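These notes are about the structure you will find just below.
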Amino acid sequence: MDQLLPGDTDERRISIRTWLAEHPRPTPRQLAHAGYVAPHWPTPWGLAADPIHQLIIDDELARAGVQRPSNAIGIGWAGPTIAYAGSEEQKERYLFPLLTAEEIWCQLFSEPGSGSDLASLSTRAERDGDEWVVNGSKIWTSGAQHSQFGILLARTNPDAAKHKGITYFICPMNLPGIDVRPIREMTGGETFNEVFFTDVRLPPNSVVGEVNDGWRLAKVTLGNERVSLSTGGVLWGHGPTALDLLAQIKRAPVTDPVMRQNIAKVYIEHQILELIRMRTLSARIRGEQPGPEASIRKILADEHGQHVMDLALSLQGASGMIANAHEGGLTGTQGASAMEAAVWYYGFLFAQALTIGGGTGAVQRNIVGERVLGLPHEPEARP
C-alpha cells in the first residue's frame, strides 16, 4: 500500500512535515484545529481530504510518532452523525471538544430485550415542555462509566411502526436519574455497561435532526460504526494487527508447514481488508454514506481478528492459556516484553465478542444478502 503513495516531494507531505516541524509535540487541540484528527471530515473540523491525502497524513503522523486523541465512539460514530444532521449550534458545541477527546462519548442504542433487532427498542422519551423525559435501559454500552455524553435512541411515538417513531438524542451522562453499572467480562475488564434511565430530563436542543426520524440517523451511525470497528487493530480498531503478529513471529521463525500456511492466510486477509478499507474510504470522500460494503468489511474484519488471535494462541502453545505465562512475549523470544504476552492473552479472550458486538455476524450477512445479493428478507419469527 505504501508504494502507491506519493513520494517525499509531494506538496501535501511537505505541508504536514512543515506543520510538524512547527509543532513537534502537537496537543490534541492543535491536531484538531489543523484538521488532522479526522481529515476526511468537511472543514472546519477536517480537511475534506481525499483518500490519498488522508493516507499521507496517517503516514506522516506515524513517522513522527504523533498519536491522535482517543475517542473512538465520539470521533467514529457520534461526530459524523452530528456533522451530517445536527444543528449549527450542536456542531459548534460538540464537534471540536469531541475531536480533541476533551469530552468522551458513548453509544446508548442496544437494549436487553431488543438484541440485534434495534428497531424494537422500548426506551421511551416523552415531551415535557422544552425537555424530554426518558425512562428505560440500555446494555453493552462501551465506556459509559467514563463518558460525558452519549448518543441515545428512544421511542417518542409508541403508536408508529417500529422503524418510525424513534428519535436520536444527545444525552449528557451526568444527568440525575442515570445509573451506570459496569459489566465484568471474562477478560477481567469492565468495557461494557448497563445504563438505566429513571425520569431523566434531557435539556432543550438534545434532539439531533427531526423528532421521529431517529432510525434514519441510526443507520448513518451504524454505518460509521461498522467502518470504525473494522479499522486499525484487529480488536474493533484497537490492539495489535496481523502485521504486529508477523513481526513477533520473525523473531523465532516457524517451520511447521501447517502453521506457516495459517500465517500466510492471516496476512492475505489483512491485505484484502486494507483494499476494502481504501474502497470504503473513497466512497466516504465522495460524500456517500457507508453502505452494505461496511457490513462486508465488518464480517471479514471480525473473523480476521479471531483468526489472528487463534494463531497467536497456537503459537504460544498450552502456556497461552495462562495469563502472563511468558516473560518473553508471544513466542518467548528475547527482546519481547511481558506486556506483549498480556496483549495477546487478553486479545484472544476479547476476540470472542468480535462477531457479536456492533451487529452480529448473522445480522451483517442478512444485510449483505438482502441489500447486495437481492435475496428475500428473512421471514419474521412466529410467536
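The values are calculated or read from the model by the stated rules, or taken from the named source; none is laboratory data. Here the structure is a predicted model, which is why all the values come from computation and not from measurement. Neighbour counts are summed over all protein chains in view; Cβ atoms, including those assigned to glycine, are modelled from backbone coordinates with ideal geometry.
I'm trying to understand the selection: among the residues of the stretch 187-217, which are assigned to a loop (DSSP other than H, G, I, E, B) and loosely packed, with under 14 Cβ neighbours inside 10 Å?
Hits for the stretch 187-217 are Gly188, Gly189, Glu190, Pro203, Pro204, Asn205, Glu210.
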Can you tell me which residues in the stretch 292-321 are surrounded by 15 or more Cβ atoms within 10 Å (Cβ to Cβ) and either within 19 Å of Arg371 (Cβ to Cβ) or modelled with pLDDT under 75 (or both)?
Pro292, Glu293, Ala294, Ser295, Ile296, Arg297, Lys298, Ile299, Leu300, Ala301, Asp302, Gly320
Condition met for Ser122 (outside the structural domain of Pro39 (by TED's automatic domain parsing) and surrounded by 16 or more Cβ atoms within 10 Å (Cβ to Cβ))
no
Can you pull out every residue in the stretch 350-359 that is in contact (Cβ under 8 Å) with a residue 12 or more places away in the chain and surrounded by fewer than 16 Cβ atoms within 10 Å (Cβ to Cβ)?
Gln352
Let me confirm something: among Gly177, Gly214, Gly188, which residue is among the small types (Gly, Ala, Ser) and at pLDDT below 80?
Gly188
Taking into account only those residues within the stretch 341-374 that are touching a helix residue (DSSP H, G or I) at 6+ places or on another chain (Cβ under 7 Å) and either modelled with pLDDT under 65 or not in a helix (DSSP H, G or I) (or both), which is farthest from Gln107 (Cα to Cα)?
Val372
Could you tell me which of the residues Ile139, Ile104 is touching a helix residue (DSSP H, G or I) at 6+ places or on another chain (Cβ under 9 Å), among the hydrophobic types (A, V, I, L, M, F, W, C) and within 28 Å of Ala353 (Cα to Cα)?
Ile104
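Within the stretch 127-143, count every residue that is farther than 19 Å from Gly113 by Cα and surrounded by 14 or more Cβ atoms within 10 Å (Cβ to Cβ). Lay out the reasoning, then the answer.
Going residue by residue through the stretch 127-143, those that are farther than 19 Å from Gly113 by Cα are 127-133, 143.
Among the residues that remain, those that are also surrounded by 14 or more Cβ atoms within 10 Å (Cβ to Cβ) are: 131-133, 143.
Number of matching residues: 4.
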I'm checking my understanding of the structure. Among residues of the stretch 47-65 that are small (Gly, Ala, Ser) and within 12 Å of Pro26 (Cβ to Cβ), which one is modelled with the lowest pLDDT?
Gly65
Scanning the stretch 225-256 for residues that are of a type in the set (A, V, I, L, M) and assigned to a helix (DSSP H, G or I), the one modelled with the lowest pLDDT turns out to be Val227
